[in-house]
Every structure is written in C-alpha cells, then in structure tokens.
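The values are calculated or read from the model by the stated rules, or taken from the named source; none is laboratory data. Predicted model, so just to flag it, every value in this text is computed and none were measured. Backbone-built Cβ (ideal geometry, glycine too); neighbour counts: all protein chains shown.
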Amino acid sequence: MRQPWLEAQPDAAADDFSPRSATRTAGATAWVVGLALLVLAAGRSGAIVDAAYGLPLAPGTETLIAVAESWDSAMAALGIPDWVETVTAALGTGR
Amino acid sequence: MLFPTGLFAIFFAMVFAGHWLLVRHLPALVLPFLLAANLVFYAAFSLPFCAALLGVGLWTWAIGRGVGQGRGRGLLWLGVAVVLLWLGWFKYTGFLLREASPIAVALGLPPLPVPEILLPVGISFYVFQAISYMVDVHRGDARAEGSPLKVLVYLTFFPHLAAGPIVRAGRFLPQLQAAPDRMRVPVVMGGLLILGGLAKKMLLANELATGLVDPVFRDPGAWGAADILLACYGYTIQIWLDFSGYSDMAIGLAALLGYHFTKNFDQPFRALTLSEFWRRWHISLSTWLRDYLFKPLGGSRGSEGRTRRNLLLTMLLGGIWHGAAWTFVLWGLLHGLALVVERALGGRAVPASPAGRVLRWAITFHIVVAAFVLFRAPDLATVAALAQGVWGGAPELVQDTAWTPRLLAIIALGLGLHFAPPDLRQRLEDALRPLPAPLLGLVFGLAMLAIILAAPEGVAPFIYFQF
C-alpha cells in the first residue's frame, strides 16, 4: 500500500497527516501549484526583472531578460504593480 | 537555495512537474531524478560539499550493506565513528584548537593555529540520518539496501537536507520501495503547511529578529531591563516561529511530492513539564537522542543515579550537537539538570488543581526561556551583560524602539498561532476541501503573495541553517 500514513492509525503519535486529509490527483495538484506560482509571478514581476538583470552573462541570458521584461510590461498593462504597491504600503503599516 | 525565494520556487516547480510525470510514465527513473534534484539543490549552497555529501552517503550505504550481511557490531561502530569524525572535523576542530591554544601557551608552547573551516550546510542533520540508517539496519528496523540509490535519496532528499526534520531510515526508506500513488496527493494539507511556515518565517520571525531580538542581543548595554526581558521572550517565540516554520514547509513540500515526514513541533509552549516540552519541541531530534543515545546508554532501566547520569549526558551531547560553543554546552547542561531535578521531585506528574497547573506551566516556560538566552547569545560575555541589564541595569526603557505596536502585535500573533486550537489546520483544510483546484491555486497564490508583500525586505537565513 502506498501513502499508508493517510490511513487510520489509532495509536499513532501526533502527526500532520490524518485519514481526514483531503487528497487529490497529481494533475489537480499541478493546477494548484501552477496557479499559485502564476499569481506569485504576477505580483512579483518587478522583482523577476531585477533578478534577470542580475544573472551572469551566458547564452540565453538576453532571452531570459527579454521574457522577464515582457512579463513585467504585461502585468503593468493590467495595473498589477500599482495594486501591489498599495497592498505593500497597507501591510507595512507601523513598521 | 532558501525555501522562501524565487529561485527555490522555480526549482520546486520543475522538480514537482518532472517527478509526477516520471511517476506516471517512467517510474523507474523517479529515484535517479530525485537524487539529481537533491544534488542540484545542495550544489546551490556549495559544489565541493556536494561531492562530500555523496561520499558520506556511499559510506553509509556500504556500512549498512556490511552490517546487513551480518558483519555485526564492529563494522557498525566503525561506520558511526567515521561519520562522527567527519562531523567533528568541520564542527568542533576550530573550537577545540581555540580552547586548547591558551593551555599550550601556558605550557610554553607556541599558540595553536586555528584553521578557518567552513561548515557544510545540513551536516549535523545528514550525519544523524546516516547513523539512523546504519543503526536501524543493525537493529533490523530498516532493510540493508542492495543499491546505493535509495540510501542516497534518503540522505539527500532536499526538503529535509538543509535543516531537518531528522527523518528516520526505518520510516522513510519503505516510502521509496514504490513510486507514490499519483491519485492521492494531500495538496490542501501540504499547501496550508507551506503557507503557515512561510507566514511564521517571513512575516513574524524575521520581523521579530530584526526589530527586537538582534539589536538587543548585539549590544545589551544599550537597553533597559524591560527591553532585555522582552527580547528574551521575543527570541523564544522567534526560534519557534523560525524553526517550526521551516519544518512545516519541509513537511508540506515533501507531501506535495507524495512523501511523509512526521510532525516536528507540537505546540511546545503548552508543556506543563520539561519532559513534556521535549516531547513537543524538535521532536525528530529529541526522539533521535532518546533512541540512539539515551536508550543505548541504559535509559531508565538501571538505578535512579544511572538514569540521571544518562539524562544529563544525553542533553549535554544534544547541546553540543547544536554548535561548538560554551553557550550550547550550558544550554544542554541546563536542560539536563532541570530534567534531573524535575525527575527527583516527582515533577513529571501533572498537578490536579488549575493553580498548580498554571504554576507548573510558568516554571517550565521560564526554564525554557532562560535556556534560550544561552542558545541565542553569541558568547558568555553577552549572557553576563544581559543578566546585568536585567538585574542591575536601568529599570525604565532606555530606548523605546523595541515596543512598537507592530512588534507587540507580531508577538501576540506568534503566541496566537502557537496556542491556536490543535485542530485549526484540519478545520481550515475542511473549509478549503470543496474548492476546485484552480480556485484553490488562486487562494494559495494570493495568500503567499500577501505574506511576501507584508514581510520585511530580503530573506534572513533560518536559525537552524547554522547547525
């Protein structure tokens, strides 16, 4: 049996896993992970461009920078950086 | 490659996709792929130490194979001694030479040269796991692997490689016998653990460190008694947030790949006794020390005197495992002595009255806080300065920057997270369970983004990376 820790273990020690843990297929999990990372990439498009500028010179670096800049421009066209700036300022209150 | 970074997010996305594609189409390649991913992860810290890690892994496998073929205790001792010497060279050589140098000078000898030795990331953790494999094979709790691949994947698995939890061979290796079932991924639980860990580290622990704890421990003389006390309590909360946050992320990441690590923290500050604290704090280390050190020393099977000696020795060595400094020695010794005193006073029994329970909780908690001062202080002079600041320093606040409403809110939030109902995560999981996968992804993504935006700039290393 695979993933036996998801089965009932009456006298087991405290564990994060339990028979109540909802499971999904790897395909559905890929949707969750992929979309979560997409949201992160959208909100951090400026940081991605900065990171791309910091890459060492190598074959492909120019392409990566161009992709990062295009992504950032697309996010800017949607107004996401402005939204991110507003949220950042609100969440940083009192610092 | 720290967990809460963009580079790690890209790395994990590639490993996640590659792993599950191989599980579906080429399951025979899952373990070679995982090993390659683990080595890429470790090479991001240091390429030469990556080769050394492989060497330790191959040694561990070879010893396990020999022990499994019935070559017995002598080979086991050799295997354990070599990996402990490996750990000792990196971790304790500098300390021992520094401490021995004044003695050499007093004897009329020249000062001893103290080499600068870089500590490989995660060495304390993978050495303990290597010992776990060799001993488990000897005890019959784990199977001696015929090929080194599974042992190498076990030792180098990236979610636990840099700072634990210490995963037992007997529990993890059976998970590698067959590829995980791709129809059963606990994604909601894994996602909540990663989110919770990220919030604990990025939002709370980092801000407590930079806003309160680090400035006070850097220069205790510049602060008043109240500031110092707040920083001591603050560090106790910070280290729980930092380390349990890392452990949560490690458990969650492994879960998304279909693997299981046991719980590493179980609301430790709820403990009414010190022995209960050690059943709730860094559980993978405390159970390792119990099973591979305390019990082989004789445990509590002999006389009361021998049990106390075993307790003291185990906690002392547990302290030394954390680092080569007198502060860690004293931290372990303090815990050992407190456990011995607790045992002698019959203190492991929980009082019946509410007042007695509150008193017992307060005593236990303050022993833990006092010990963590030793754990955090860079040297004994800082400990003395902190003590002087509390008992002999100005009672009023010398500086008021430690008491910002935001920091107090963070301490309250940290305590709230710790003392939340034990089934809170399960209830959140139940609430998120009906969401379709794309919506769940959006919820997790927005929550992660909010945590990153609210956190201070940069990512401070996890406290346990230094061990």
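Across the stretch B:402-441, which residue is modelled with the highest pLDDT among those that are crowded, with 18+ Cβ neighbours inside 10 Å and more than 25 Å from B:LYS263 (Cα to Cα)?
Once the filter is applied, the top-ranked residue is B:ALA437.
Assigned by TED's automatic domain parsing to the domain that holds B:LEU256 and assigned to a loop (DSSP other than H, G, I, E, B): is that true of B:GLU429 in this structure?
Answer is no for this residue.
When you look at B:PRO296, is it at pLDDT 90 or above and surrounded by fewer than 19 Cβ atoms within 10 Å (Cβ to Cβ), yes or no?
Yes: the conditions hold for B:PRO296.
Would you check if B:VAL127 is at pLDDT 90 or above and either closer than 27 Å to B:LEU432 by Cβ or touching an Asp or Glu at 6+ places or on another chain (Cβ under 7 Å) (or both)?
No, not satisfied.
Of everything in the stretch A:45-77 that's in contact (Cβ under 8 Å) with a residue 24 or more places away in the chain and within 14 Å of chain B (Cβ to nearest Cβ), which residue is surrounded by the most Cβ atoms within 10 Å (Cβ to Cβ)?
Once the filter is applied, the top-ranked residue is A:SER45.
Is it the case that some residue within the stretch B:238-248 is under 16 Å from the mean Cα position of the chain (by Cα), away from every other protein chain (no Cβ under 14 Å) and more than 30 Å from A:THR23 (Cβ to Cβ)?
Checked against the condition, which is being under 16 Å from the mean Cα position of the chain (by Cα), away from every other protein chain (no Cβ under 14 Å) and more than 30 Å from A:THR23 (Cβ to Cβ), the stretch B:238-248 yields at least one hit.
Here's a check for you: in the stretch B:131-165, which residue that is within 20 Å of B:ARG290 (Cβ to Cβ) and buried (at least 24 other Cβ atoms within 10 Å of the Cβ) is farthest from the other protein chains (Cβ to nearest Cβ)?
Checked the stretch B:131-165; the qualifying residue farthest from the other protein chains (Cβ to nearest Cβ) is B:MET134.
Quick one: count up the residues across the stretch B:137-155 that are out of contact with any helix residue (DSSP H, G or I) (no Cβ under 7 Å at 6 or more places or on another chain) and within 24 Å of B:CYS50 (Cα to Cα).
Residues that pass the stated criteria total 2.
Would you say A:PRO10 is away from every other protein chain (no Cβ under 11 Å) and either within 20 Å of B:GLY6 (Cα to Cα) or at pLDDT 90 or above (or both)?
Taking the combined requirement at face value, the residue does not satisfy it.
Of all residues being without any contact (Cβ under 8 Å) to a residue 40 or more places away in the chain and within 19 Å of the chain's Cα centre (by Cα) in the stretch A:80-89, which is nearest to A:VAL49 (Cα to Cα)? Just the residue, please.
A:PRO81
Which one of the conditions (1) within 14 Å of another protein chain (Cβ to nearest Cβ); (2) under 20 Å from the mean Cα position of the chain (by Cα); (3) crowded, with 18+ Cβ neighbours inside 10 Å does B:ALA179 fail to meet, given that it meets all the rest?
Here B:ALA179 meets the rest and fails (2).
Any residue that is outside any helix (DSSP H, G or I) and either farther than 28 Å from B:ALA255 by Cα or touching a helix residue (DSSP H, G or I) at 6+ places or on another chain (Cβ under 7 Å) (or both) - is there at least one of those in the stretch B:122-136?
yes
For (1) facing chain A (nearest Cβ under 8 Å); (2) under 23 Å from B:SER284 (Cβ atoms), each residue gets a yes or a no:
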position	(1), (2)
B:MET189	yes, yes
B:GLY197	no, yes
B:LYS200	no, yes
B:ALA209	no, no
B:LEU212	no, no
B:GLY221	no, no
B:ALA225	no, no
B:ILE228	no, no
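Within the stretch A:13-46, count every residue that is closer than 19 Å to B:ARG24 by Cβ and modelled with pLDDT under 80.
So the answer is 0.
Give the residue, chosen from B:LEU339, B:LEU312, B:LEU317, B:LEU330, that is of a type outside the set (Phe, Trp, Tyr), in a helix (DSSP H, G or I) and buried (at least 23 other Cβ atoms within 10 Å of the Cβ).
Within the list B:LEU339, B:LEU312, B:LEU317, B:LEU330, the selection yields B:LEU339.
Scan the stretch B:435-446 and report the pairs whose first residue is facing chain A (nearest Cβ under 7 Å) and whose second residue is buried (at least 19 other Cβ atoms within 10 Å of the Cβ) and among the basic types (Lys, Arg), with Cβ atoms within less than 9 Å and a gap of 6+ or a chain change.
B:ALA437/A:ARG24; B:LEU440/A:ARG24
With a cut-off of at least 2 residues that are within 14 Å of chain A (Cβ to nearest Cβ), over 25 Å from the mean Cα position of the chain (by Cα) and touching a residue at least 12 places away in the same chain (Cβ under 8 Å), name the helices (runs of 4 or more DSSP H) lying wholly within the stretch B:1-119.
Output list reads B:6-25.
Does A:LEU38 fit the bill of being within 7 Å of another protein chain (Cβ to nearest Cβ) and either over 30 Å from B:TRP403 (Cα atoms) or part of a helix (DSSP H, G or I) (or both)?
yes
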